[in-house]
Every structure is written in structure tokens, then in C-alpha cells.
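Data first, discussion second: the structure below is written as C-alpha cells.
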Amino acid sequence: MATPILELENVNKSFGPIDVLHDITLNVHPGEVLCLLGDNGAGKSTLIKVFAGVHKPTSGTVRFEGEPVVFNNPREAADLGIATVHQFGGTFPLMSIGRSFFVGREPTKGFGPFKIYDRKTANSIAVKAVREFGITRIDDGDRLIGGLSGGERQSLAIARAVHFGARVLILDEPTAALGVKEAAHVLRIVLEARRRGLAVIFITHNVIHAMTVGDHFAVLIKGAKAADFRKGEKSREEITDLMAGGEAMAELEAEIESYSTAHSGHPPQV
Amino acid sequence: MNNLSFGNLLRRPEAGAFLGLAGVLVFFVAFGSTKFLETAGAASWLNVAANLGIVALPIGLLMIAGELDISIGAMIPAGSMTVAVLSGHYDLPIWIGILGALSVGLCIGLINGILVVRTAVPSLIVTLGTLFAVQGLMLGASVLVTGTTSVALTAAPWAKFFFGQFLGGSFQVIILWWIAITALFIFFIHYSPYGNWIFAMGGDKVSARNAGIPTNRLTIILFVLSATSASFVGMCQAILFNSAQVSGGMTFIFNSIISVVVGGVLLTGGFGSIIGIFFGTITFAVVNQGIYFTTFDRNWSSLIIGVMLLLAVLMNNTFRQMALSYAPKKKK
């Protein structure tokens, strides 16, 4: 198989005495969607922060296209084309679509100190980029972001990352706060990004969303990789069970069991 | 692209300021006379507007970027006292005094900016601290050095010419500075790419930083800008009136915030315009001075300003909603 674009090998991360990630080995290939599943506190956020250069691993290796890399800050990861899109992140409600799209990378015309922001170019490129991702409702780059729906804002942020040369797209719970239709829209955009050959790391709680777009799945439990499988290798129920914390559930059942035996068959009073 | 329809005008941040200005002009013409639009009258409110406006512009930028600076209340007397003590009390050349006043602004601005960036304490609190600290420092130092709280200053003719003359008998030269500075700000905020960064910072600081905007450096620059502008205004006043007092300047805090808010800047940041702040300042100055041209008692002007502020905020909220919900009509 080809070299993965981004790869973690035996990565550990601890904050002081607290171990957050244990021995994670994970890879993602171009044109593939890796779904990271796990309950709150499982270490998903820390893991994507290691990918994005926010945290340095305490031990272990990060490889980009097979070469070991050390990111000192998010900027260095971004320069390699690793882009993170947070829920509602990257867009500014009271800015126009064109301006928001080009924040930090404004197109200019003129020269020297008289460089001015090129609104016309910015608007037309921004509108074209988001329309290519299927948001056909947008046709005026002067509209404010705040007037868009949550899904559209998410899509705009993804379109922006792709436009600026992202090769690995990290999506942090992009569908969490969205309605059904909106979420479907975002999923379609994830598939479009995959079709264009990007590697997508998709973080979600929602097994259905993950199964719709994912090629490769990893389940995190308490900072360790509990499962790593390809599309079609596990059923939805199996994944849900895994996510609901496998051992945590078993422990709870065992507790209830022992309580019942100790109290002559009565279940615990809530 | 720039179709100047009424609807488009209303969706711009300065819409409220335009309507507010029109409203107060009608009010004062109706209840007073058109005298305040003639030379002598216009000078009275233009002078107020210019002094206030030079401070209000950087305050407005800070508010757009999601910060606030109230230490300007102490920076204005600090600027005028510095130039008066250096060039009046010690008889140093006036350019040293001018440089001194501006460097005091630069230093306090740096302190404000660095404290806000490094400590994550809200800028209101940080600048409240520097407001009192600078005020106390100026009072203590001037009594220690000069023995009084008011220092006379005789500026060289060239300094008088640039910073403290009356044009046409009653227009302070600072009006020209104000217009020039406004033009400069319009270029930087609405035409250069940097303006975009300030709006982005006010909209969502974390996202702005992720997009590669040097938010910390920009915040510090904005604080330096506001403190230096305030000390510039103080310096011009000292050169104009040939003396400086430790007190005064406190009214600028509220007045500049009112001008900025009436000008359509959103208190929580991310929205506003320079031209709006410009007209907001004029509106404030007209209300402040226009009362003298009516038969009303002077004391009523605060009531008008208060009501105007509330109306402006409500109006600006409405316009912002319109801007947010705006979708272009389907092309036929």
C-alpha cells in the first residue's frame, strides 16, 4: 500500500502526571476518510491536536509522507497542508463571505504601501470555491457569514481550507450541532474532499455519520486505541458498543450485579 | 457592485450615524437657529469633534477588535503635562517636548497592550488600572518637579503653526489633523488588507489566530495607537492654550465611547466603520455644542446625548439584523 500521508507511531502524550494518549499508532492515506470515534474525554481532541501541531507527543513519532516530522507550532503543520476546521470555527459572523474566506491571506492589487484589498477578486473566488462544494445558495460574496446556516458555515470553512491547499483535513465534530439535512450536506462535502484526493480525519460521536463517509475507523477509549478497522468489518451495533465504552459498560453491569447479590436481589435505589 | 440604493445604505455600519446626525441637525435647526451651521457656530462643534475624534478613531478600532481602552482619560493630561514640563518648565526645545509627549503615549500604550496580551485580564480592567496609575503619576510628578498642578508653556512659532493655531480666527488646526488621520484610517481599515485582520480579531480571536493573523502584535499596536493619539491631543491642547493642567481628560472616556457606539461600532467587536465613527463624533459634538444655540438650558444636553445613545444602539441593532438576514433577490 502507498505511503500514508500522515502517520502516528507509538505516540504517547501526557500532561504532567496525567497520561492522555497511550501508544497510539494510526495512519491516514490520501483520498481516505479516517473516522475517529470515542466518548467525551477519550482523548480525541488531544489526538487531533497532535496531528495539527498544537501538542508535541511526549514520545513516539509523527510522520508526514513517510518522513518523521516535529511540529513546533500549528503554523508548521499548516504549512504542510494540515488544516483543522472546528465546529463553527474559521468564520466570522459579521464579516462578508469574501473577507472571511480570505482572512489572513487577502488578495491585493496595487503596489508598495498602496496595496489595497481586492474585494472583487476575493468575492468571486470565494463564491466560486463554495459553489464547487455544492452550496449553490451563495452567489454574493458581500453577504455576511452570520446570515448563513450552520452547515453552510461549516462548508465554507472546509472550502476555504481546501482552496488554500490543505492536503489533510481535520474536522472536529463538524456535524455535532447540525440538523439532519445540514449534517447530510456537510457529509457530502467530506466526500467531495475525499474525491479530490484529500486525507480527511473526521471526529464524531455519531456512528451513522461515521459509517456514511468513513473508509477507516479508529475507536479511542481512555486514551488508547481500542479498535482499528476498515469499512465493512464491523456492524453499527458493534461500533456503538465499542464507543459506549466497552469495559466501562461491563464494569457498570458488574457493579449492579454485585449490588443485587448483596441486597437480596433488589436493584440499587436511584 | 456598489449600487447605492437606500437598502444597501441601511445595512452599512454607519447607517445609524448618518440618521443620527440628520436627526440632531433637524432638531437644532428647528429649536435653535441655523447659526450653528455658520462659521462661528461650525467652529465651536468642529473643534470639539476634532479633539474628540482623534481619540475616538483608535478607540473605535480597539472596540472593533474586541478591546477597550479607558486610560485615554489620563493620557490626554499626561500628553499636555509632558510637553509643558519639558518645554515650559525646563525650557527645552519644543520638539523635545513633543517627542516626550508622544513617547509617554507610546510607553503607556505598550504597557496596556502587553498586559492585556500576556495576562488575559479584560482590557477594561487593565486600562482602568493604568488610568489611575498614570493620573497619580502625573499629579505626583508635576507637584514634585514644578510645585504646581498647572504649567505654562510658550511654544515656538512652528509648533504653534502645526499644532496650536486658529485657522480663520476660530478653527483649531487640529481639525485638519483629524481629517487627515480619518483619511489614513479609512485607507488602512477599509482598503488595505490589515483592516480585515482587525475585524477578524473582533469576530473570533481564536479563529483569527488560526488563520495566521498576528493577533497579539496587532492588539499591542492598537493600544499604542490609542494612547499615543490621546497624548497627541493633549499636546496640541497645551500648545494651543499655552498651558497644561493635570486634571481634565476624564470626559473623553465616555464621550469617545459614545461617539464610537453612535457611529455604529458593535460593543462586542467585529463590526463597525471609520466613516461611522467620524459621523458619530460629529453627531456627539453637534449635540454637545448645539444646545448653546437654542433657548434651552445647557444642562439638557446630557439628556439628549443619553437618549440619542440609546436610540443609536437600538437602531444599529436593527440595521445589523437587516445586514445579517440580507440575501440578494433572485436575478430576473
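The values are calculated or read from the model by the stated rules, or taken from the named source; none is laboratory data. Remember, it's a predicted structure, so these values are computed and weren't measured experimentally. In this analysis, Cβ positions are derived from the backbone assuming ideal geometry, glycine residues included, and neighbour counts consider all displayed protein chains. Heavy atoms of the whole protein, side chains included, go into the accessibility calculation; ligands, DNA and RNA do not. Shrake-Rupley method; radii C 1.70, N 1.55, O 1.52, S 1.80 Å.
Laid out as a table, the results:
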{"quantity": "Inter-chain shielding of A:94-104 (mean C-beta neighbours from other protein chains, 10 Å cut-off)", "calculated": "6"}
{"quantity": "Charge dipole of chain B about the Cα centre (unit charges at C-beta), most positive-ward option of B:Leu266, B:Ala227, B:Gly147", "calculated": "B:Leu266"}
{"quantity": "Relative contact order of the stretch A:116-259, pairs being alpha-carbon contacts under 8 Å that are 6 or more residues apart, as %", "calculated": "16"}
{"quantity": "Nearest-10 value in Å² for the accessible area of B:Val173, using the 1.4 Å probe", "calculated": "10"}
{"quantity": "Surface/4 of the Cα convex hull for the stretch A:26-133, nm²", "calculated": "10.1"}
{"quantity": "Nearest-10 value in Å² for the accessible area of A:Leu21, using the 1.4 Å probe", "calculated": "0"}
{"quantity": "Highest average packing first - B:96-105, A:221-230, Cβ atoms within 10 Å", "calculated": "B:96-105, A:221-230"}
{"quantity": "Residues B:Val26 and A:Asp139, FRET efficiency given R0 of 35 Å [Cβ-Cβ distance, rounded to 0.05]", "calculated": "0.35"}
{"quantity": "Angle in degrees between helix A:150-163 and the longest Cα principal axis of chain A, rounded to the nearest 10", "calculated": "70"}
{"quantity": "Rg in Å to one decimal, and Dmax rounded to a whole Å, for the protein assembly as shown via C-alpha atoms", "calculated": "30.0, 102"}
{"quantity": "Rounded percent of accessible protein surface that carbon and sulfur make up, the stretch B:1-146, 1.4 Å probe", "calculated": "74"}
{"quantity": "The stretch A:95-143 - accessible surface per residue (Å², probe 1.4 Å)", "calculated": "47"}
{"quantity": "Helix A:180-195 axis, angle to chain A major axis (alpha carbon atoms, nearest 10°)", "calculated": "70"}
{"quantity": "A/B buried area, accessible surface, summed, 1.4 Å probe, Å²", "calculated": "2200"}
{"quantity": "Sulfur and carbon atoms: percent of accessible area, the stretch A:95-143 [1.4 Å]", "calculated": "56"}
{"quantity": "P(r) weight above 18 Å for the stretch B:1-143, C-alpha pairs, percent", "calculated": "70"}
{"quantity": "Ratio Rg/Rh [Cα only; Rh per Kirkwood] for chain B", "calculated": "0.99"}
{"quantity": "Order of exposure, largest accessible area first, which applies to B:Thr34, B:Thr283 with probe 1.4 Å", "calculated": "B:Thr34, B:Thr283"}
{"quantity": "Per-residue mean of C-beta atoms belonging to partner chains within 10 Å, peptide B:188-201", "calculated": "5"}
{"quantity": "Under the span-like rule (Cα at least 30 Å along the axis, Kyte-Doolittle mean at least -0.5), DSSP H helices of chain B", "calculated": "B:39-64, B:94-119, B:123-146, B:215-241, B:300-325"}
{"quantity": "Accessible area (Å², per residue) of the stretch B:49-147, counting only protein heavy atoms and a probe of 1.4 Å", "calculated": "36"}
{"quantity": "Listed residues B:Thr318, A:Thr175 arranged by accessible area, highest first, probe 1.4 Å", "calculated": "B:Thr318, A:Thr175"}
{"quantity": "Listed residues A:His185, A:His205 arranged by accessible area, highest first, probe 1.4 Å", "calculated": "A:His205, A:His185"}
{"quantity": "Per residue Cα convex hull volume in Å³ - calculated over the stretch A:95-143", "calculated": "69"}
{"quantity": "Viscosity 0.692 mPa s, temperature 37 °C, Stokes-Einstein D of the stretch A:53-98 from Kirkwood C-alpha radius, µm²/s", "calculated": "258"}
{"quantity": "Accessible area of B:Asp297 in the full protein assembly, 1.4 Å probe (Å², nearest 10)", "calculated": "80"}
{"quantity": "Interface residues in the stretch B:257-304 - accessible area drops by 30 Å² or more relative to the isolated chain, probe 1.4 Å", "calculated": "B:Phe271"}
{"quantity": "Sum of -39500 (n - 2.57) over DSSP H runs of 4+, divided by residues of the protein assembly as shown (222 nm, nearest 500)", "calculated": "-17500 deg cm²/dmol"}
